[in-house]
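First comes the structure, then the notes that go with it.
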Amino acid sequence: MAEQKQSNDFAQGSVVGNILKLALPMTLAQLINVLYNIVDRIYIGMIPEEATLSLTGLGLCLPIISIVMAFANLFGMGGAPLCSIERGRGNHREAEAIMGNSFLMLVLVGLLLTILGLQFKIPMLYLFGASDATIGYADRYITIYLLGNVFVMIGLGMNSFINSQGFGMVGMMTVLLGAVANIVLDPLFIFVFGMGVQGAALATILSQLLSAIWIVAFLVGKKSILKLRISALQLKAERVLRIMGLGLSGFTMSITNSLVQIMYNAMLQRFGGDLYVAVMTVINSVREVIQMPVAGVTNSAQPVLGFNYGAGEYKRVKKAILFTSISSIVYTVAVWGFVHMCPEFFIRIFNREGDLIAAGIPAMRVYFFGFFMMSLQFAGQSVFVGLGKSKYAVFFSIFRKVIIVVPLILVLPNYLGMGTTGILMAEPISNFIGGSACFLTMLLTVWPELSRGGVPPQKTTSPQ
């Protein structure tokens, strides 16, 4: 065990090496995790005579799925960086208590979301842009998804605690197990058993159940540095508030994503009908795929940032920030060029109907214009979260989505007569403004602090 702990000491060895050791399996894990959702959409896009309506129905469920992810992030992304900071200080008992409290909150909130979601699903789906033609597909998918909500919460939330201990390969295997199961079960349930969108949802939650079992088995087993113990499940208000305080960034990002998805679907339904809601579902699917590598790098940097910050290794923190930022910018510039030149390639992965392709090609080019600016938001957010500075992370999540995107979605089509093009333009405009503001603020606040030698360690754990 002593050798295992030493191998996961992020204050030793190359900073870039430590990040890459986590980033490579975590990025692959991110790719595999994306398969949970996009494989459903790929198979649903192949349903004879119902492809576009079924895909639209699933797209209407994405805001609800984002809400589930928001609460998984609240306790997973909130607790894991705190674990890294406490482990960096050598305080393993408190690190285990943080993990235990996060696990129990994930279960309790997951059950609550299931009850509320089933009660209010129909009015929510109509609010999110459903029509009489698509409500049935959306209802059938989300009902089964909500019944397996707790498995999703554990799978998404608790895997962060495996990665934060340096077990990137184990974290990758968690999502690989579920994704492979999903790929196998999807065509079986959708086509062989003729369950359609219900089959896609059932395959997803059964896959997440397997991932959840794997995670719990590892965290209570001998190989984990920090154990999931019954004694650590006793909730403590101050500890839960610290977890939620740091998790507010990931929570806010997912909640604001949900809000934006609702606005996009509702306004595109108004100005373009069901076809453009389907186009937006494809765009969301492509975005999940292409932003996955940069999300993998920035997320894998957080345990390294937090550990070294807690250990007082501020020069190593600065090196981690530089590497994360530069690699994110280089990648997003390259992928933006590819999407701009070959939008039809991405669209055909999910749907081959002529009308959707014709509408989707210009829509993709507008939506992803200047996508590289989004890397600045990712890099800035990851630094704020990794160092426990949740106030900044929460603010910039709200700033980009709520203060910039939502008003533009309303103003550009309604008052400037730009129709569906105006609605889609809201995203690139927010990337330029929000990404620049987030990254510059990080440089102006965090960098001088690190150059001065940081702050006393005990101040970093208080809720912000």
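Scanning segment 222-250 for residues that are surrounded by fewer than 17 Cβ atoms within 10 Å (Cβ to Cβ), of a type in the set (A, V, I, L, M) and either within 26 Å of residue 10 (Cα to Cα) or touching a helix residue (DSSP H, G or I) at 6+ places or on another chain (Cβ under 6 Å) (or both) yields 233, 235.
Among the residues of segment 343-382, those identified as free of Cβ contacts under 8 Å to residues at least 12 places away in the same chain and more than 25 Å from the chain's Cα centre (by Cα) are 354, 358.
Considering only segment 268-282, state which residues are surrounded by fewer than 24 Cβ atoms within 10 Å (Cβ to Cβ) and either closer than 21 Å to residue 407 by Cα or of a type in the set (Asp, Glu) (or both). First the steps, then the outcome.
Looking only at segment 268-282, we keep the residues that are surrounded by fewer than 24 Cβ atoms within 10 Å (Cβ to Cβ), and these are 269-275.
Listed by number, the residues that qualify are 269, 270, 271, 272, 273, 274.
In segment 269-285, is there at least one residue being within 14 Å of the chain's Cα centre (by Cα) and either part of a helix (DSSP H, G or I) or at positive phi (or both)? Looking for residues that are within 14 Å of the chain's Cα centre (by Cα) and either part of a helix (DSSP H, G or I) or at positive phi (or both), one finds at least one in segment 269-285, hence yes. Checked against (1) touching a Pro at 6+ places or on another chain (Cβ under 9 Å); (2) of a type outside the set (A, V, I, L, M, F, W, C); (3) farther than 18 Å from residue 140 by Cβ, residue 199 meets all criteria but (3).
When the residues of segment 126-144 are filtered to those that are in a helix (DSSP H, G or I) and within 29 Å of residue 159 (Cβ to Cβ), the one that is farthest from the chain's Cα centre (by Cα) is 140. Within segment 40-81, if we keep just the residues that are within 17 Å of residue 353 (Cα to Cα) and among the acidic types (Asp, Glu), the residue that is nearest to the chain's Cα centre (by Cα) turns out to be 50.
Here is a yes/no grid of residues against (1) outside any helix (DSSP H, G or I); (2) of a type in the set (A, V, I, L, M, F, W, C); (3) surrounded by fewer than 20 Cβ atoms within 10 Å (Cβ to Cβ):
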residue	(1), (2), (3)
154	no, yes, no
159	no, no, no
169	no, yes, yes
172	no, yes, no
175	no, yes, no
178	no, no, no
188	no, yes, yes
203	no, yes, no
211	no, no, no
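Restricting attention to segment 386-404, the residues that are part of a helix (DSSP H, G or I), crowded, with 23+ Cβ neighbours inside 10 Å and touching a residue at least 60 places away in the same chain (Cβ under 8 Å) total 7.
Within segment 414-428, the set of residues being on the phi > 0 side of the Ramachandran plot and open to solvent by 60 Å² or more (accessible area, probe 1.4 Å) comprises just one member, 417.
If a residue must be among the acidic types (Asp, Glu) and within 23 Å of residue 83 (Cβ to Cβ), how many such residues does segment 288-314 contain? Let's see the steps before the verdict.
So in segment 288-314, the residues among the acidic types (Asp, Glu) come out as 288, 313.
Then keep just the ones that are within 23 Å of residue 83 (Cβ to Cβ); that gives 313.
Of the residues in that region, 1 qualify.
Answer yes or no as to whether residue 251 is among the aromatic types (Phe, Trp, Tyr), touching a Ser or Thr at 6+ places or on another chain (Cβ under 6 Å) and assigned to a helix (DSSP H, G or I). Considered against the rule, which asks whether it is among the aromatic types (Phe, Trp, Tyr), touching a Ser or Thr at 6+ places or on another chain (Cβ under 6 Å) and assigned to a helix (DSSP H, G or I), residue 251 comes out as no.
Here's the yes/no breakdown for (1) crowded, with 18+ Cβ neighbours inside 10 Å; (2) in contact (Cβ under 8 Å) with a residue 40 or more places away in the chain:
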{"site": "70", "(1), (2)": "yes, yes"}
{"site": "80", "(1), (2)": "yes, yes"}
{"site": "103", "(1), (2)": "yes, yes"}
{"site": "120", "(1), (2)": "no, no"}
{"site": "129", "(1), (2)": "yes, yes"}
{"site": "143", "(1), (2)": "no, yes"}
{"site": "162", "(1), (2)": "yes, yes"}
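Checking each residue in segment 338-358 for being farther than 20 Å from residue 48 by Cα, in contact with a helix residue (DSSP H, G or I) (Cβ under 9 Å, 6 or more places away or on another chain) and either among the β-branched types (Val, Ile, Thr) or open to solvent by 10 Å² or more (accessible area, probe 1.4 Å) (or both) picks out 338, 339, 340, 344, 345, 346. Just to check your reading of the model, which residue among 300, 327 is closer than 30 Å to residue 89 by Cβ, open to solvent by 10 Å² or more (accessible area, probe 1.4 Å) and either in a helix (DSSP H, G or I) or in contact with a Leu (Cβ under 9 Å, 6 or more places away or on another chain) (or both)? Just a single option satisfies the conditions, and that option is 327.
The values are calculated or read from the model by the stated rules, or taken from the named source; none is laboratory data. What you see is a predicted model; the values in this text were computed from it and never measured. Here Cβ is always computed from backbone atoms with ideal geometry, including for glycine, and neighbour counts include all displayed protein chains. Side chains are part of the model used for accessible areas, which takes the heavy atoms of the whole protein and leaves out ligands, DNA and RNA. Shrake-Rupley method; radii C 1.70, N 1.55, O 1.52, S 1.80 Å.
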